[in-house]
Amino acid sequence: SETTYNYNGTYNYYLNQFSLPYIIFSLIAALIALGTLAAIWYQARVIAGSERPWLMFKPGDPNSGRALNLQRRWPLPDMFNKDTALFNVPYDIINVGRSPAFLTGLNRAIEIIETNKTPPILTKSPTFNLILSPKAPPEDRFGSNLLRTLNEDEFWNLKNGKLCIWVYGMAEYTDTLKKPHYTKFCCRWFIDENGVSNYAPVGPEGWTEYT
């Protein structure tokens with residue numbers, strides 16, 4: 001058919017070559033494509049979340065810290081002397097997730113604190129450069145010890161429940177997409193008003209957190 005012109009002289013292709021059903025079909029196809037992309041994005045986010053690393057702090061039983069004569073230190077010994085004054089907490093930072101964790105910082109401390117009080121907040125973590133793979137040990141963890149020598153006053157005040165032992169800190173790491181995460185950990189050893197030796201794997205609110 002003869003091409004028509006509008007009043008300003010341009011070709012009126014939209015009237016001659018495109019129809020309303022075609023425009024509607026194109027819009028529907030575009031919406032379907034957008035929905036498919038959104039579903040793929042959401043599925044990728046779910047998979048990424050389930051495949052991410054997770055770092056966990058795992059303390060061992062307190063001991064004397066002596067390689068040749070290792071003895072348990074919890075419950076506390078009955079008497080104080082230079083040998084029973086040693087209180088060592090072995091620990092591991094373990095990747096319990098499903099992808100590698102790149103450990104970038106680790107700050108940890110062992111402190112003797114008055115009952116019902118909290119220790120000072122730790123400053124920025126010392127720099128680390130370590131990969132923890134989601135495999136069997138030792139590739140999935142970093143381990144060390146936190147040793148504290150008790151004086152006689154601390155020893156007896158722990159025994160009578162006036163003091164407690166805190167191990168706390170924060171592990172900072174990134175995943176394979178370089179997204180930062182952290183694990184705040186806290187555990188305590190104390191003797192309650194009934195003289196019972198207790199271990200608390202989680203600290204007060206805000207002292208244990210995973211991101």
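The values are calculated or read from the model by the stated rules, or taken from the named source; none is laboratory data. These numbers were taken from a predicted model, which means no experiment stands behind them. Positions of Cβ are backbone-derived with ideal geometry, glycine not excepted, and every protein chain shown enters the neighbour counts. Protein only, heavy atoms only, side chains kept; ligands, DNA and RNA dropped before computing areas. Shrake-Rupley method; radii C 1.70, N 1.55, O 1.52, S 1.80 Å.
Results, tabulated for the structure shown:
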| item | result |
| --- | --- |
| Relative contact order (%) - the stretch 66-199, alpha-carbon pairs under 8 angstrom, separation at least six | 29 |
| Around E139: net Lys/Arg minus Asp/Glu count, Cβ-Cβ under 15 Å | +1 |
| Length gained when the stretch A67-W156 is fully extended (0.36 nm per residue, less Cα-Cα span) | 29.5 nm |
| Simple Cβ-charge dipole of the stretch 47-102, Lys/Arg +1 and Asp/Glu -1, about Cα centre, in debye nearest 20 | 60 |
| Too-long pairs where the Cα-Cα distance tops 26 Å, listed order kept, from K117/K179; K135/K178; K58/K178; K117/K178 | K117/K179; K117/K178 |
| Largest-first ordering by accessible area, 1.4 Å probe, given options R188, R73, R52 | R188, R52, R73 |
| Neighbourhood charge, 15 Å Cβ-Cβ cut-off, centred on Y182 and excluding it, Lys, Arg +1 and Asp, Glu -1 | +3 |
| Vicinal HN-Hα couplings computed from phi for the stretch 144-161 (Karplus, 6.51 cos²θ - 1.76 cosθ + 1.60; Hz; Gly/Pro x) | 6, 9, 10, 10, 10, 9, 7, 8, 5, 5, 4, 4, 6, 6, 5, 5, 8, x |
| About the Cα centre, charge dipole magnitude for the stretch 88-192 (Lys/Arg +1, Asp/Glu -1 at Cβ), debye | 360 |
| Hz values of 3J(HN,Hα) by residue in the stretch 181-188 - Karplus curve (6.51, -1.76, 1.60), Gly and Pro given as x | 9, 8, 10, 8, 10, 6, 9, 9 |
| Net charge of neighbours whose Cβ lies under 10 Å from the Cβ of N63, counting Lys and Arg as +1 and Asp and Glu as -1 | +2 |
| Whole-number accessible area per residue in Å² for the stretch 78-199, which is evaluated in the context of all protein chains at 1.4 Å | 55 |
